[in-house]
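> My structure is below; once you've seen it, I'll send some questions.
Readers should treat all values here as calculations from the given coordinates under stated rules, not as data from a laboratory. As the structure is a computational prediction, the values presented were derived from the model and not from experiment. Here the Cβ positions follow ideal geometry from the backbone for every residue, glycine too, while neighbour counts run over all protein chains shown.
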């Protein structure tokens with residue numbers, strides 16, 4: 001298995017992975033056009049990274065990360081928004097490897113902390129992150145759409 005930076009040619013595979021992820025999460029509705037647009041924006045951003053796990057030439061997992069400024073830390077922080085491994089590849093260390101390479105990328109850019117959002121009912125995700133030594137916080141994510149930019 002190889003971990004590498006995603007490329008534009010991977011967008012269809014990444015979109016398929018996001019479809020799997022969004023089928024688990026209650027807050028998101030899959031819309032391939034929107035997801036491809038978002039992936040393109042991430043690929044074009046100097047402060048973001050998409051990593052893929054590739055096995056035998058096939059993309060089997062992905063993680064996205066974006067650098068943000070944390071006033072709590074007084075430093076950069078990495079926000080991981082999307083983390084998914086194909087069902088057939090889960091339990092083989094793919095997710096851990098993706099997170100480690102993403103952590104290395106963030107660390108090289110001065111990010112002090114990483115954070116991830118997970119659906120409250122995605123117990124497998126919570127178990128995965130706890131095994132990977134991530135700590136739960138008392139924070140709750142809230143959202144609101146701008147009137148002109150609503151769904």
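> Please rank 34, 7, fewest neighbouring Cβ atoms within 10 Å first, as an exposure proxy.
Values: 34 14, 7 11.
Going from sparsest to densest Cβ surroundings: 7, 34.
> Express the relative contact order of the range 2-137 as a whole percentage, based on alpha carbon pairs under 8 Å and six or more residues apart in sequence.
The normalised contact order for the range 2-137 reaches 23 percent.
> Compute the semi-axes of the equivalent ellipsoid of the range 13-74, taking the square root of 5 times each eigenvalue of the Cα gyration tensor, and list them largest first in whole Å. Display every interim value, and only then the final one.
On the way: eigenvalues 101, 53, 30 Å².
Each semi-axis is the square root of five times an eigenvalue, giving 22, 16, 12 Å.
> Right, next: Between residue 37 and residue 136, what FRET efficiency comes out of the Förster formula 1/(1 + (r/R0)^6) with R0 = 41 Å and r the beta carbon distance, rounded to 0.05? Don't skip to the end; give the middle numbers.
Details: r = 32 Å, r/R0 = 0.77.
It comes out at approximately 0.80.
> Could you list 112, 123 so that the one with the fewest beta carbons within 10 Å of its beta carbon is first and the one with the most is last? All intermediate terms of the calculation are to be shown ahead of the outcome.
On the way: 112 14, 123 10.
By the 10 Å Cβ count, ascending: 123, 112.
> Fewest first, what order do 136, 49 take by the number of other Cβ atoms within 10 Å?
Numbers: 136 9, 49 21.
Lowest count first: 136, 49.
> Same structure again: How large is the helix-only mean residue ellipticity at 222 nm for the chain, computed as the sum of -39500 (n - 2.57) over DSSP H runs with n ≥ 4, divided by its residue count, in deg cm²/dmol to the nearest 500? Don't jump to the answer; show the numbers that get you there.
Details: 4 runs with 51 residues, N = 151.
It lands at -10500 deg cm²/dmol.
> Between residue 100 and residue 66, what is the label-to-label distance in nm when each label sits 7 Å out along the Cα-to-Cβ direction?
Using points 7 Å along Cα→Cβ, the separation is 2.8 nm.
> Mind jotting down the distance between the C-alpha centroids of the range 1-48 and the range 63-82, whole Å?
Centre-to-centre distance over Cα atoms comes out at 18 Å.
> Here is a further query. Please work out how much length the chain gains when fully extended from residue 144 to residue 112, using 0.36 nm per residue of separation minus the C-alpha to C-alpha distance, in nm with one decimal. Kindly include the intermediate steps, with their values, before the conclusion.
Working: separation 32, 0.36 × 32 = 11.52 nm, distance 2.74 nm.
Computed gain between residue 144 and residue 112 is 8.8 nm.
> At 0.36 nm per residue, and after removing the present C-alpha to C-alpha distance, how many nm does the segment from residue 29 to residue 92 gain when stretched out fully? List each step's numbers first, then the result.
Details: separation 63, 0.36 × 63 = 22.68 nm, distance 2.80 nm.
19.9 nm is the gain from fully extending residue 29 to residue 92.
> Run the quick spin-label model on residue 7 and residue 119: label points 7 Å from Cα toward the beta carbon, then report their separation in nm to one decimal.
Going from the residue 7 label point to the residue 119 one covers 3.2 nm.
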